[in-house]
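The values are calculated or read from the model by the stated rules, or taken from the named source; none is laboratory data. As the structure is a computational prediction, the values presented were derived from the model and not from experiment. All Cβ positions, even for glycine, are placed from backbone atoms using ideal geometry, and neighbour counts span all protein chains on display. For the accessible areas, the whole protein counts, side chains as well, though only heavy atoms, and no ligand, DNA or RNA atoms are used. Shrake-Rupley method; radii C 1.70, N 1.55, O 1.52, S 1.80 Å.
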Amino acid sequence: MKSKPIRSTSRRAKVVLSTALVVCAVATATPTAATAVTAGPTTARDGLSAGADAGAGVGADAGVDLGAGVERISVATDEGYGAASITPDGRSVVFTSLKNGPPQGGNEVYVRDRRTGLTRTVPLIESWTPAISGDGRQVAATAPAQGMTAQRMQQHSLDLGTLPVSCHRCNEPSLSSDGRYLAYGGLAQPGQRRQVVVADREGGSVSVSLANNSAPARPSLSGDGRYLAYQNLEKADVYLWDRTTGTTSAPVDGPSRSASLVQLSDDGRKVVYLSGSDTYVHDVGSGTAQLVPNVTGVAIDPTGRYLLYTPNGTGGPSLVLRDLRTGTDETVSDQPATAETDSVSADGRDVVFQSAADGIVPGDTNGTSDVFVRRFF
């Protein structure tokens, strides 16, 4: 198939995307954003101590319209950052430090509020990509267990503190919009088969561990926590489970195709999976799949309309956002960059990604990987 043209203008404002719009501001306590305005004083907010949760600068909606462009979320000279996700409204970004934190290993976790300009150091450590709830108030992370080779799940509320999670050999967290439901994969006991668990913060949990789905993994929850997409590692198939009815679909990739799950859209209507060198976007309602050839899908926006992907092969941009309805593409980064699931906000307005390239924004001279958000309109 003929490849789609890559456009670098915004969909609505028709503004040229230019990194010249961005001016870096550096703070000394916690990572803070580089924005198009001068950073304000470092202050403690919301009753938090400045030592643990110091915010600096002017956020994306704090009376200043940054417009289309690139914002650097992490600024530091002594460590790198990566593994970032963004909330559907684009306000909050969770990301990790690349330096080891506690003695047992793992990376420190931060949450950046782009509206207030506040970066919080969350009391979690992470050895997997952290998950953030749609409202930006809950964070889940996988951490090495003290004195063990296994991993344990942690959930932290920015309002209530650390929440109990009964899991000690698990990973791959996925949160619902309000943080009530937490899905994760792992082993209940040594020697047992893998299972996927959906835990309800208000009590109880349900395991997805059926005879024909004996190695479920890579859970991806819908925003309301009703639908769960997951990967069967033994059969290389992707399934959709309805928590309300307790029913599981046939493989969404069909009977003859091997597949690897990427993500379920927040509305539960689209399932993105990889098969061979191609990406497919399965429509749950119609049962049909849209082919996006010769690309590696990375994430889908909450509405299921915008697909973030990496083109296969060499040359060209490293990350591209496609409008699945019109077929048009927009460049997210033309320098080496990577992204995770849940990296696109609603309607494809913001994309969070990580890169060690120095030329994405002016003044990025720390020589390590940083986290960026590209805003399209």
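Rounded to the nearest 0.05, the FRET efficiency derived from the C-beta distance between Ser260 and Asn312 at R0 = 22 Å is 0.95. Within the assembled protein chains, the solvent-accessible surface assigned to His282 is about 20 Å², based on a 1.4 Å probe.
Using Cβ point charges alone (K and R +1, D and E -1), the dipole size of region 289-377 about the Cα centre works out to roughly 260 debye. With Cα atoms as the point set, region 211-290 shows a radius of gyration and Dmax of 11.4, 34 Å. Per residue, the convex hull around the alpha carbon atoms of region 259-377 comes to 100 Å³.
Zone of Thr326 (label point 7 Å along Cα→Cβ, backbone N under 16 Å): which residues in region 347-361? Within reach of a label on Thr326, which here means backbone N under 16 Å from a point 7 Å along Cα→Cβ, region 347-361 contributes 347-350. Remark: region 238-377 carries 37 Å² of accessible area per residue (probe radius 1.4 Å; ligands, DNA and RNA excluded).
Rounded, prolate or oblate: which one fits region 250-311, using the alpha carbon gyration tensor with axes a ≥ b ≥ c (rounded when a/c is under 1.5, else prolate when a/b beats b/c, else oblate)? Working shown, then result.
Working: a/c = 1.85, a/b = 1.04, b/c = 1.78.
Taking the square roots of the gyration eigenvalues as a ≥ b ≥ c, region 250-311 is oblate.
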